[in-house]
1. Residues of segment 11-48 with backbone nitrogen within less than 11 Å of a virtual label 7 Å along the Cα-to-Cβ line of residue 56, please, listed as ranges.
2. Say each of residue 101 and residue 46 gets a label point 7 Å from the Cα, pointing the same way as Cα to Cβ; how far apart are those two points in nm?
3. Expected output is a single nm value to one decimal: the length gained when fully extending between residue 31 and residue 81, i.e. 0.36 nm times separation in residues minus the C-alpha distance. What is it?
4. Give the value in nm², to one decimal: projected area of the alpha carbon convex hull of the chain, averaged over all directions.
5. So how do 105, 36 rank on accessible area, 1.4 Å probe, biggest first, that is with the largest at the start?
6. Using each residue's phi in segment 60-70, evaluate 6.51 cos²θ - 1.76 cosθ + 1.60 at θ = phi - 60° and report the 3J(HN,Hα) Karplus result to the nearest Hz, with x for Gly and Pro.
7. Nearest 0.05, what FRET efficiency do residue 112 and residue 70 give at R0 = 25 Å with Cβ-Cβ as r?
8. Of the residues 42, 55, 16, which exhibits the maximal mean-square fluctuation in a Gaussian network model of the chain defined by a 10 Å Cα contact cut-off?
Amino acid sequence: QVQLVESGGGLVQPGGSLRLSCVASGSISSVNIMGWYRQAPGKERTLVAAIMNGGRTNYAESVKGRFTISRDNDNKSANLQMNSLKSEDTAVYYCNYIDTAGHVWGQGTQVTVSS
(Lines give C-alpha, C1' and ligand atoms only; values in the text may rest on other atoms or scores of the structure.)
Protein backbone atom coordinates (compact mmCIF):
# COMPACT_ATOMS: atom_id res chain seq x y z
CA GLN A 1 0.00 0.00 0.00
CA VAL A 2 1.29 3.42 -0.99
CA GLN A 3 0.26 6.66 0.69
CA LEU A 4 0.81 10.17 -0.67
CA VAL A 5 1.08 13.40 1.30
CA GLU A 6 0.97 16.69 -0.58
CA SER A 7 1.96 20.15 0.55
CA GLY A 8 2.67 23.60 -0.80
CA GLY A 9 -0.61 24.92 -2.16
CA GLY A 10 -1.95 28.35 -1.38
CA LEU A 11 -2.89 31.77 -2.69
CA VAL A 12 -0.55 33.62 -5.01
CA GLN A 13 -0.81 36.66 -7.26
CA PRO A 14 -0.62 36.33 -11.04
CA GLY A 15 3.01 36.05 -12.10
CA GLY A 16 4.01 34.53 -8.79
CA SER A 17 5.44 31.14 -7.94
CA LEU A 18 4.53 28.16 -5.82
CA ARG A 19 6.20 24.83 -5.16
CA LEU A 20 4.18 21.68 -4.55
CA SER A 21 5.66 18.63 -2.90
CA CYS A 22 4.40 15.07 -2.77
CA VAL A 23 5.97 12.44 -0.53
CA ALA A 24 5.18 8.76 -1.00
CA SER A 25 5.43 6.16 1.72
CA GLY A 26 4.73 2.46 1.99
CA SER A 27 5.53 -0.18 -0.63
CA ILE A 28 7.31 2.01 -3.17
CA SER A 29 8.30 0.23 -6.36
CA SER A 30 11.69 0.86 -7.93
CA VAL A 31 9.86 1.46 -11.22
CA ASN A 32 7.12 4.03 -10.96
CA ILE A 33 5.73 7.25 -12.35
CA MET A 34 4.80 10.20 -10.19
CA GLY A 35 2.84 13.12 -11.45
CA TRP A 36 0.59 16.06 -10.75
CA TYR A 37 -2.93 16.50 -12.05
CA ARG A 38 -5.32 19.36 -11.52
CA GLN A 39 -9.05 19.84 -11.46
CA ALA A 40 -10.80 23.18 -11.70
CA PRO A 41 -14.46 23.58 -10.66
CA GLY A 42 -16.75 22.02 -13.23
CA LYS A 43 -13.88 20.57 -15.24
CA GLU A 44 -12.23 17.19 -15.60
CA ARG A 45 -9.04 16.24 -13.84
CA THR A 46 -6.14 16.59 -16.29
CA LEU A 47 -2.44 15.88 -16.31
CA VAL A 48 -0.13 18.76 -15.47
CA ALA A 49 3.23 17.00 -15.39
CA ALA A 50 4.67 13.54 -14.78
CA ILE A 51 8.11 12.12 -14.19
CA MET A 52 9.39 8.56 -14.43
CA ASN A 53 11.94 7.19 -11.99
CA GLY A 54 14.56 7.47 -14.77
CA GLY A 55 13.90 11.20 -15.02
CA ARG A 56 11.87 11.32 -18.24
CA THR A 57 9.19 14.02 -18.00
CA ASN A 58 5.91 14.90 -19.67
CA TYR A 59 4.07 18.24 -19.46
CA ALA A 60 0.73 19.63 -20.49
CA GLU A 61 1.14 22.17 -23.27
CA SER A 62 -0.38 24.89 -21.14
CA VAL A 63 2.39 24.68 -18.51
CA LYS A 64 5.47 24.04 -20.65
CA GLY A 65 8.18 26.57 -19.90
CA ARG A 66 6.51 27.65 -16.65
CA PHE A 67 6.31 24.47 -14.54
CA THR A 68 9.08 22.04 -13.71
CA ILE A 69 8.61 18.62 -12.18
CA SER A 70 11.46 16.91 -10.35
CA ARG A 71 12.12 13.95 -8.10
CA ASP A 72 14.29 13.48 -5.08
CA ASN A 73 17.07 10.92 -5.35
CA ASP A 74 15.17 8.40 -3.26
CA ASN A 75 12.40 8.27 -5.90
CA LYS A 76 9.83 8.68 -3.15
CA SER A 77 8.88 12.30 -3.73
CA ALA A 78 7.95 14.54 -6.61
CA ASN A 79 8.04 18.30 -6.63
CA LEU A 80 6.29 20.75 -8.95
CA GLN A 81 7.83 24.19 -9.28
CA MET A 82 5.24 26.53 -10.72
CA ASN A 83 6.39 29.90 -12.04
CA SER A 84 4.62 32.69 -13.91
CA LEU A 85 1.31 31.52 -12.52
CA LYS A 86 -1.88 32.58 -14.26
CA SER A 87 -5.47 32.76 -13.05
CA GLU A 88 -6.27 29.76 -15.23
CA ASP A 89 -3.86 27.67 -13.16
CA THR A 90 -6.31 27.90 -10.27
CA ALA A 91 -7.39 24.38 -9.35
CA VAL A 92 -7.04 21.59 -6.86
CA TYR A 93 -3.76 19.83 -7.59
CA TYR A 94 -3.49 16.11 -6.99
CA CYS A 95 -0.38 14.01 -6.73
CA ASN A 96 -0.49 10.64 -8.48
CA TYR A 97 1.68 7.55 -8.13
CA ILE A 98 1.64 4.66 -10.61
CA ASP A 99 3.44 1.33 -10.59
CA THR A 100 2.66 -2.17 -11.83
CA ALA A 101 0.30 -2.73 -8.89
CA GLY A 102 -1.94 0.20 -9.73
CA HIS A 103 -2.20 3.89 -8.97
CA VAL A 104 -2.78 6.06 -5.91
CA TRP A 105 -4.07 9.62 -5.53
CA GLY A 106 -3.17 12.19 -2.93
CA GLN A 107 -5.82 14.17 -1.08
CA GLY A 108 -5.32 17.30 -3.20
CA THR A 109 -4.03 20.77 -2.44
CA GLN A 110 -5.70 24.02 -3.50
CA VAL A 111 -3.80 26.47 -5.69
CA THR A 112 -5.47 29.84 -6.18
CA VAL A 113 -3.99 32.48 -8.47
CA SER A 114 -5.68 35.80 -7.89
CA SER A 115 -4.89 39.44 -7.31
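1. In segment 11-48, the label zone of residue 56 (backbone N under 11 Å from the point 7 Å along Cα→Cβ) covers no residue.
2. 3.2
3. Difference between extended and current length: 15.7 nm.
4. 6.7
5. Highest to lowest solvent-accessible surface, that is 105, 36.
6. With the stated coefficients, segment 60-70 comes to 5, 4, 5, 10, 4, x, 10, 10, 9, 9, 8 Hz.
7. Computed FRET efficiency for residue 112 and residue 70 comes out at 0.60.
8. 42
The values are calculated or read from the model by the stated rules, or taken from the named source; none is laboratory data. Bear in mind that the values here come from a model prediction, so they are computed numbers and not experimental data. Here the Cβ is made from the backbone with ideal geometry for all residues, glycine too, and neighbour counts use every protein chain on show. Side chains are part of the model used for accessible areas, which takes the heavy atoms of the whole protein and leaves out ligands, DNA and RNA. Shrake-Rupley method; radii C 1.70, N 1.55, O 1.52, S 1.80 Å.
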